[in-house]
Amino acid sequence: MCGIVGAVAQRDVADILVEGLHRLEYRGYDSAGVATIDTQGELQRVRCVGKVQALKDALAQSPLSGGTGIAHTRWATHGEPSERNAHPHVSCETIAVVHNGIIENYQSLRQMLKGKGYEFTSDTDTEVIGHLIHDLLKTYDSLREAVQAASSQLEGAYGMAIMDKRHPESIVVARSGSPLVIGYGLGENFVASDQLALLPVTRRFSYLEEGDVAEITRQSVTVFAKNGERVERAIAESSASHDSGDKGPYKHFMAKEIFEQPQALQQTLEGRIKGGMVLDSAFGEQASELLPNIEHVQIIACGTSYNSGMVSRYWFEELAGVSCNVEIASEFRYRRSFVPKNSLLVTLSQSGETADTLAALRLAKDMGYMASLTICNVAGSSLVRESDMVYMMNAGVEIGVASTKAFTVQLAALLMLVVAIGRHKGLDKAKEQEVVQGLLSLPAKIEQTLTLDKEIEQLAEEFADKQHSLFLGRGSQYPIALEGALKMKEISYIHAEAYAAGELKHGPLALIDAQMPTIVVAPNNELLEKLKSNIEEVRARGGLLYVFADKDANFQSDETMKVINLPHIDELLAPVIYTVPTQLLAYYVALIKGTDVDQPRNLAKSVTVE
């Protein structure tokens with residue numbers, strides 16, 4: 001969601017900060033701002049609504065100087081998008097603060113601070129942080145101590161960076177529920193909510209833990225744990241590509257990431273398969289000890305990751321013979337649930353910082369789960385650090401808000417986990433080798449599917465005037481229909497629903513008419529004949545059908561049904577392949593609609609608040 005960048009250096013840092021914000025645009029935002037302390041010790045600030053480019057243009061007219069600064073892209077939670085609500089927020093022309101997250105008790109703090117004479121100029125929860133710290137500095141000797149004291153009064157989630165013009169040599173940062181990473185340079189140091197923001201200036205990073213407060217100067221970074229004791233956080237060298245944020249020859253990151261899926265799948269499989277077997281070590285050092293004892297799998301995820309978990313439920317129960325539940329993280333957190341014996345908790349998250357999923361993991365640690373595993377794409381993220389076992393997706397940086405390659409890689413990772421657990425539950429060795437060979441064939445199969453690009457682009461033109469759509473699938477293709485509908489609504493703003501095709505007669509048929517396109521995913525499996533009957537139900541009511549079908553499924557295009565044939569694929573692996581045409585369809589419909597493909601309205605890439 002919101003992005004934070006901060007720097008303490010001998011050189012002017014405004015350009016570094018704005019470039020960092022530009023590299024965080026993928027997270028989703030509605031306004032941006034930057035503040036620095038100049039050589040005269042004065043606090044300067046520029047804020048604006050809209051894109052980072054608007055901030056760059058404003059700074060070209062009113063440049064900011066100074067070696068200490070903080071910057072922010074805001075995704076509105078309290079107060080409409082406007083310049084007055086944009087960060088950084090300032091208290092008494094002295095303290096500047098940027099903040100990710102939500103302060104749940106801001107109303108009571110606001111009333112208390114108003115009683116002390118503080119004036120509020122925004123509608124945000126963030127402004128209370130600056131005034132609270134300014135007030136506490138009347139009692140405490142240093143900004144770091146005041147921030148620690150303020151942290152004990154703040155309820156909710158936050159990652160924040162604060163600077164005081166009376167102490168221009170440092171920035172103080174604090175983390176509770178919202179990620180922060182420290183970047184280490186030569187005679188300069190940095191902070192951000194994502195290391196991607198800092199790759200142009202450093203490759204050495206450490207991650208703050210829950211409750212940490214850190215003081216950052218040009219020469220040092222000092223970290224204090226929640227109990228106030230000084231601690232050391234490990235510094236690691238990042239292998240992330242400096243140009244990860246470049247689109248290359250593509251118009252949008254989403255298109256780039258759709259076409260990167262074969263490569264991403266190759267990367268996730270590399271080094272994890274040997275001799276026709278999935279290696280237990282793919283899931284961490286403890287895996288060989290833990291996997292044989294698993295009798296139940298509980299998957300926790302949100303959005304696209306939830307849909308991938310839904311697919312894997314079919315696999316776990318069919319192949320591994322292990323029961324599997326899949327639950328939305330925000331629902332799991334707030335209900336009492338039963339934990340079966342020897343249960344493995346699996347969390348799915350591209351970013352590793354999804355607030356509800358992370359909270360669910362922490363809750364589960366006290367519920368009696370045998371162990372936890374995260375399938376994640378970001379090394380050093382909170383889910384990675386706090387899980388017992390880790391499967392790193394190695395999909396490469398995903399910038400587009402609407403996840404594509406992370407979804408297909410999650411599916412591959414989950415199928416590998418199914419095989420690894422199934423081996424200890426009696427899965428036939430020949431069947432394991434068959435599945436492994438199928439996994440290894442996926443990159444080529446997706447390459448083949450991507451050749452349908454132009455055909456799907458032409459198909460998308462028929463959606464130009466449509467406002468609603470219906471996606472259908474059966475069995476393990478039902479979650480693929482869910483994912484297709486999610487992509488369509490995310491980036492084209494067309495209302496899209498997904499149903500298990502057998503549910504048509506139980507309500508959705510009432511929606512069918514010539515203005516309601518129905519998109520069907522139809523592999524050649526044991527449910528095909530039943531799915532064909534469902535398709536006829538739509539045709540009989542004047543519906544217009546678009547069918548992504550196995551080339552051997554014997555569908556023919558006519559006036560009421562457009563068929564796009566996909567390469568034949570084993571039923572088990574079909575969900576991975578059939579998601580690709582729905583991604584392409586959503587992308588090209590969004591282009592026709594003229595929406596912001598990579599940064600759709602109201603959405604954010606990394607959802608770090610409830």
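The values are calculated or read from the model by the stated rules, or taken from the named source; none is laboratory data. This one's a predicted model, so the numbers in the text were calculated from it and none came from an experiment. Don't worry about glycine lacking a Cβ; one is built from the backbone with ideal geometry, like all the others, and counts go over all protein chains shown.
Below is a table of values for the structure above.
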quantity	calculated
Close pairs from segment 143-154: first crowded, with 22+ Cβ neighbours inside 10 Å, partner part of a loop (DSSP other than H, G, I, E, B), Cβ under 7 Å, at least 6 apart	Ala146/Leu137; Ala146/Tyr140
Odd one out for Ala214, checked against (1) in contact with a Ser or Thr (Cβ under 8 Å, 6 or more places away or on another chain); (2) farther than 29 Å from Leu154 by Cβ; (3) surrounded by 15 or more Cβ atoms within 10 Å (Cβ to Cβ)	(2)
Residues (of a type in the set (Val, Ile, Thr), out of contact with any Pro (no Cβ under 8 Å at 6 or more places or on another chain) and farther than 11 Å from Asp125 by Cα) located in segment 65-104	Thr73, Val90, Thr94, Ile95
Selection from segment 356-386 of residues that are surrounded by 23 or more Cβ atoms within 10 Å (Cβ to Cβ), assigned to a loop (DSSP other than H, G, I, E, B) and in contact (Cβ under 8 Å) with a residue 40 or more places away in the chain	Ser381
Subset of segment 255-270 (residues that are closer than 18 Å to Val378 by Cα and not acidic (Asp, Glu))	Gln261, Gln263, Ala264, Leu265, Gln266, Gln267, Thr268, Leu269
Among (1) surrounded by 19 or more Cβ atoms within 10 Å (Cβ to Cβ); (2) assigned to a helix (DSSP H, G or I), the one test that Val597 misses	(2)
Strands (runs of 3 or more DSSP E) lying entirely in segment 173-219 (those with 2 or more residues that are closer than 20 Å to Gln10 by Cβ and assigned by the TED database to the domain that holds Arg385)	none
Residue identified as surrounded by 15 or more Cβ atoms within 10 Å (Cβ to Cβ) and more than 25 Å from Tyr29 (Cα to Cα) among Val201, Val221, Val191	Val221
Index of the failed condition, Ala282 passing every other in (1) under 20 Å from Gly396 (Cα atoms); (2) at pLDDT below 95; (3) buried (at least 24 other Cβ atoms within 10 Å of the Cβ); (4) touching a strand residue (DSSP E or B) at 6+ places or on another chain (Cβ under 8 Å)	(3)
Odd one out for Met254 among (1) in contact (Cβ under 8 Å) with a residue 60 or more places away in the chain; (2) crowded, with 22+ Cβ neighbours inside 10 Å; (3) under 21 Å from Leu345 (Cβ atoms)	(3)
Residues satisfying the stated conditions in segment 155-172, i.e. touching a residue at least 60 places away in the same chain (Cβ under 8 Å) and not in a strand (DSSP E or B)	Lys165, Arg166, Pro168, Glu169
Members of segment 490-523 found to be surrounded by fewer than 19 Cβ atoms within 10 Å (Cβ to Cβ), touching a strand residue (DSSP E or B) at 6+ places or on another chain (Cβ under 6 Å) and under 18 Å from Tyr578 (Cα atoms), listed by number	Glu497
Failed item in (1) outside any helix (DSSP H, G or I); (2) under 30 Å from Leu603 (Cβ atoms); (3) more than 12 Å from the chain's Cα centre (by Cα), with Glu353 passing the rest	(3)
Residues of segment 308-357 satisfying the condition of being at pLDDT 95 or above and under 19 Å from Gly380 (Cα atoms)	Val346, Thr347, Leu348
Residue tally, condition under 23 Å from Leu363 (Cα atoms) and without any contact (Cβ under 8 Å) to a residue 60 or more places away in the chain, over segment 306-340	19
Strands (runs of 3 or more DSSP E) completely within segment 461-566 that count 3 or more residues being over 24 Å from Tyr306 (Cα atoms) and at pLDDT 80 or above	544-550, 561-566
Answer residue from segment 256-284, given it is charged (D, E, K, R) and out of contact with any helix residue (DSSP H, G or I) (no Cβ under 6 Å at 6 or more places or on another chain) and is farthest from Val597 (Cα to Cα) among those	Lys274
